[in-house]
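A.B. asks: Have a look at this one.
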Amino acid sequence: MRFLNAVIVVASLCSPVFPQSWVASRFYDAASGITYSSVTMPNGVSYRLALPIDSPNADGIVQVVAPSKYGWCGFAWGGRMTGNPLTVAWPSKAANGEPVTVSNRWATGYSSVPTAYTGASHTYLPISPSTINSTHWTVTSRCQGCTRWGTTNIEAATSVTFAYACSTVAPSNPASNTSSFSVHESPGRWAHDLTIAKNGSFATWVG
Ligand code: HEM
């Protein structure tokens, strides 16, 4: 028993600290009419999710609302950095076009920039254009392919573990969704209620 306790202590010292206390709640976005399951992280970033009741194409809407100081923020659909779809977003700094860039990524390790993920596609939602104001940048993106990969299907779950990471350093070429970017600050992980996220109006919102 003493040996087991020692193993648990050593293991806990080696792992990053991931509090589980961030609870998702219903959020109605009056500007777009979309109802999300929303959670706000200790660093001030909100991640909001809306899902169809039943999806033929692994559909989902993700909204990221990040304090201006963040150069990029990422959302990990499988609750870890590697081996799951990553939705990464950052202000585009472009004079024209989209104010916020969204990028599909997939990481196979911790020592390099996650690469483009062809198993999912992100599109901007006309009913919820990206915004940048004096305090935050906001992007709403539809992802087709983010809720299923390999043998995982998170649509079937009522609660799933998601993860996030942000950096105050902007990507090197922010107008491009294939831009390189540097490592994040402390990442986080939480259990997210998907029952709130599922909504019969989903088809209208993406239509
Ligand atoms: C240049 C790009 C990136 C580099 C070099 C990088 C590097 C690393 C390293 C070294 C760790 C382990 C140390 C630690 O736990 O703090 C880590 C963990 C983590 N990273 Fe990244 N990262 C990058 C991008 C991303 C992106 C885009 C996400 C998207 C959400 C992400 C999510 C995470 C998460 C959730 C962890 C915790 C461990 C895990 O669950 O896998 N990272 N990263």
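The values are calculated or read from the model by the stated rules, or taken from the named source; none is laboratory data. Bear in mind that the values here come from a model prediction, so they are computed numbers and not experimental data. FYI the Cβ positions are ideal-geometry reconstructions off the backbone, even for glycines, and counts take in every protein chain you see. These area figures cover heavy atoms from the full protein model, side chains too; ligands, DNA and RNA do not enter into them. Shrake-Rupley method; radii C 1.70, N 1.55, O 1.52, S 1.80 Å.
A.B. asks: Work out how much length T108 to S182 would gain on full extension: take 0.36 nm times their residue separation and subtract the Cα-Cα distance, in nm to one decimal.
C.D. replies: 25.1 nm
A.B. asks: Additional query: Hey, any idea what % of region 19-206's accessible area is carbon plus sulfur with a 1.4 Å probe?
C.D. replies: After summing per-atom areas, the C and S share lands at 54 percent.
A.B. asks: For the chain, modelled as a GNM with alpha-carbon contacts under 10 angstrom, which of Y164, Y36, Y110 fluctuates the most?
C.D. replies: Looking only at Y164, Y36, Y110, the largest GNM fluctuation is found for Y110.
A.B. asks: As a check on your grasp of the helix formula, calculate [θ] at 222 nm for the chain: sum -39500 (n - 2.57) over DSSP H runs of n ≥ 4, divide by the residue count, round to the nearest 500.
C.D. replies: -2500 deg cm²/dmol
A.B. asks: Something else now. Excluding ligands, DNA and RNA, what is the solvent-accessible area per residue of the chain at a probe of 1.4 Å, expressed in Å²? Numbers along the way, then the final one.
C.D. replies: On the way: 10050 Å² over 207 residues.
With all protein chains present, the chain gives 49 Å² per residue.
A.B. asks: What's the extension gain from M41 to A116 if we count 0.36 nm per residue and subtract their Cα-Cα distance?
C.D. replies: Gain in length upon complete extension: 24.4 nm.
A.B. asks: Say we join alpha carbon atoms closer than 10 Å with springs in a Gaussian network model of the chain; which of P114, P126, P56 then has the biggest fluctuation?
C.D. replies: P56
A.B. asks: Express in whole angstrom the spacing between the alpha-carbon centres of region 39-56 and region 74-94.
C.D. replies: Centre-to-centre distance over Cα atoms comes out at 13 Å.
A.B. asks: Rg (Å, one decimal) plus Dmax (Å, integer) for the alpha carbons of region 147-207?
C.D. replies: Final numbers for Rg and Dmax: 16.0, 40 Å.
A.B. asks: How high is the relative contact order of the chain, in percent, with contacts defined as C-alpha pairs under 8 Å that are six or more residues apart?
C.D. replies: Over the chain, the number comes to 25 percent.
A.B. asks: At 7 Å along the Cα-to-beta-carbon direction for both Y28 and T158, put a label point, then send me their distance in nm to one decimal.
C.D. replies: Those two pseudo-labels are separated by 2.5 nm.
A.B. asks: Build a GNM of the chain with springs between Cα atoms under 10 Å: which of V62, V102, V113 gets the top mean-square fluctuation?
C.D. replies: V113
A.B. asks: Follow-up. Given +1 on the Cβ of Lys and Arg, -1 on the Cβ of Asp and Glu, and no further charges, what dipole in debye does region 19-206 carry about its Cα centre, rounded to the nearest 20?
C.D. replies: My answer is approximately 200 debye.
A.B. asks: Helix 2-14 versus the longest principal axis of the chain: what angle, 0 to 90°, nearest 10, using Cα atoms?
C.D. replies: Taking Cα atoms only, the helix is inclined about 30 degrees.
A.B. asks: Sort region 86-207 into rounded, prolate or oblate with this rule: let a ≥ b ≥ c be the square roots of the eigenvalues of the Cα gyration tensor; rounded if a/c is under 1.5, and if a/c is not under 1.5, prolate when a/b is larger than b/c, oblate otherwise.
C.D. replies: Verdict is oblate for region 86-207.
A.B. asks: Tell me, what are the semi-axes, in whole angstrom and largest first, of the equivalent ellipsoid of region 34-83 as set by the roots of 5 times the Cα gyration tensor eigenvalues?
C.D. replies: 22, 14, 9
A.B. asks: Also, quick follow-up: Kirkwood Rh, the chain, all Cα pairs: how many Å?
C.D. replies: 17.5
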